[in-house]
Structure formats: structure tokens, C-alpha cells
Amino acid sequence: MNYEMLTLVVGEVCIGRQHVSLLWHPSLVIVSLIPVVLLKFLGSALQQQIAQIRDCIQKTLNEWSLKISPDLNQEKPEVLECTVAQAMEKINPEEREELKVSAKLFIVGSNSSSIRDAVNMACSALGVAQLDSVIIAPPPIEDGINLSLEYLQPYWQELENLVQNEKIVAIGTSDLDKTLLEQLYLWAQVKPSSNQVNLASCCVMPPDLTAFAKEFDIQLLTHNDPKELLCEASFQEALQESIQNSRAHEWTPLWLLRYSVIVKSRGIIKSKGYILQAKRNLSS
């Protein structure tokens, strides 16, 4: 696997396997993942989510490697697009008004500049001009350091820019307590429309958070996402098992975006999937 930049989508038709090398490509990998909605895994809900994402990565890489052109190794494009047309169903423009497209973004090993890449990739993959809502999970921080408004600000400013550029309609937060949510609300130009609360850490919504959200029309939602949805080791293992000679230890995931397409009138999920971006560290 001698490439350094990769875009990948799962498909259904298998052709002969070709060898592709990732060693000679730029320092970025982008993976678009078809959902595995019906796949069942043993273990807790958190373990099931982690297992599903890893399974998606492996299935995507395996399907793409069955269809690649032998010319890729000669062309050495800066961005290697690993796309199978059947993998992601673009939204029919005639149905767009009937659907809500939402996403949750998990920053893994990057900074606020990744947000624009993630949103643009999601819009392109789904064939839409904008996302109806984007929730950002708390960015990674070093052990012993508490999440603060100052740390959140550059991430929120990127989201605000995307709202102002009409790439996102509404933006929200995750796992903020009342104090931090209030600080963000008072500072922000584009106010948070929602805040997710992990019920694994609190069985009942905190009363002060509930009162503040009600006063300022912030929707409180629940989630059961693990603190670390995709770690570096898990991604590297999936890469190593899927493609030979991938030098998996050189790759680090930067962000993971989970999207859902919901039928508004019925409240059911039409499709769901993941998009992942990773970087190759040449010094590894």
C-alpha cells in the first residue's frame, strides 16, 4: 500500500484483486464508509459501536482493493480515491426537502482546521449543498487538563464560518456541563442549537443544565458514544488486516464523521455511515 492519500467507498461487485502500494502517496488518507446497519456484535453498546466502525473500515478497504486499476501505481496521484460507485447513495435532489442530514464529528488527532474538510467531504459524498446539523464531540485534550471555553473557541469558530457560508444550518455541542455551555452561548456569534448528554455518566439530566437549555431554547439530546470512538491502534490494525504492505504503523486517524439521513415525516433513518480521514507520518 504505497499511497499517501486515499478516498475509499464500499461497493458490492467483486472484480479481480490488484496490488496497490500506499508508500508513494501524500500524507493524507480519506475513507468514506458504507454503513453496516444490520450487523450485530456481542458486548456492550459501546463495544458494538467500536466493532462496527472497525468492520466498516475493513469491508471498505477490502471492497476497494478488489476493484482498483493497475495504473494507479504508475500515476501516483496526490490524492488516491478509492471509490466504488455503489457504496454511497447520493441524495436525490427531488427528495432533499423531505430529509434531514445530520452529522457528529469526532476529532481524533488533528485540530480545528479539519472541520471544514470533514463537512465538505460529507456534502460531496452525499450529494448535498449543506448539512442540516453538525454536532462536535469534545476535542481531545491532554490528561489532567479540563476542557475550557478557550480550548473550544477555534473549533466553534470553524463551525460558525461554515454556517455563515451556508454549508451547515445548525451546530451543536456534546458533553458540556451548564457552566461551559453558558460560557460558549454567551461568547458565540452562532449559538449552539443542541447539547448532547452522555447518560452513561448521568442517569438524569442535571437540573441546572435543563433549566439553562430551556431558557435559551437549546435542545438537550442523549448519546451513548464512548469517549474514544476510534483509537490509533484500532485503525492501524484494520488497515494492516485489509491491505498488504500498508505500513499501518505510519498512519494516524485525524477525524471521524458519522452521518445520518432521516426521513422527516416518519422519523426513521434512511441511511447511516462514517467518513474517516487519516494522515501518514513519514517519520514513523
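The values are calculated or read from the model by the stated rules, or taken from the named source; none is laboratory data. Only a predicted model underlies this, so the values are computations on that prediction, with no experimental measurement involved. So basically every Cβ, Gly included, is an ideal-geometry build from the backbone, and we count neighbours across all protein chains shown. These area figures cover heavy atoms from the full protein model, side chains too; ligands, DNA and RNA do not enter into them. Shrake-Rupley method; radii C 1.70, N 1.55, O 1.52, S 1.80 Å.
For this structure, a couple of remarks:
- Rounded, prolate or oblate (a/c below 1.5 giving rounded, otherwise prolate when a/b exceeds b/c) for segment 217-278 by Cα gyration tensor: prolate
- Each Lys and Arg contributes +1 and each Asp and Glu -1, all at the Cβ; summed about the Cα centre of segment 194-237, the dipole is approximately 180 debye.
- Per residue solvent-accessible surface (Å²) - segment 38-280, probe of 1.4 Å: 51
- Placing a pseudo-label 7 Å from each Cα along the Cα-to-Cβ vector at residue 142 and residue 263 gives an inter-label distance of 5.1 nm.
- With the charge dipole of segment 38-280 set up from +1 on Lys and Arg Cβ and -1 on Asp and Glu Cβ about the Cα centre, the Cα lying farthest toward the positive end among the listed residues 273, 148, 203 is that of 273.
- The label-point distance for residue 216 and residue 240, in a model that sets each label 7 Å from Cα toward Cβ, rounds to 4.6 nm.
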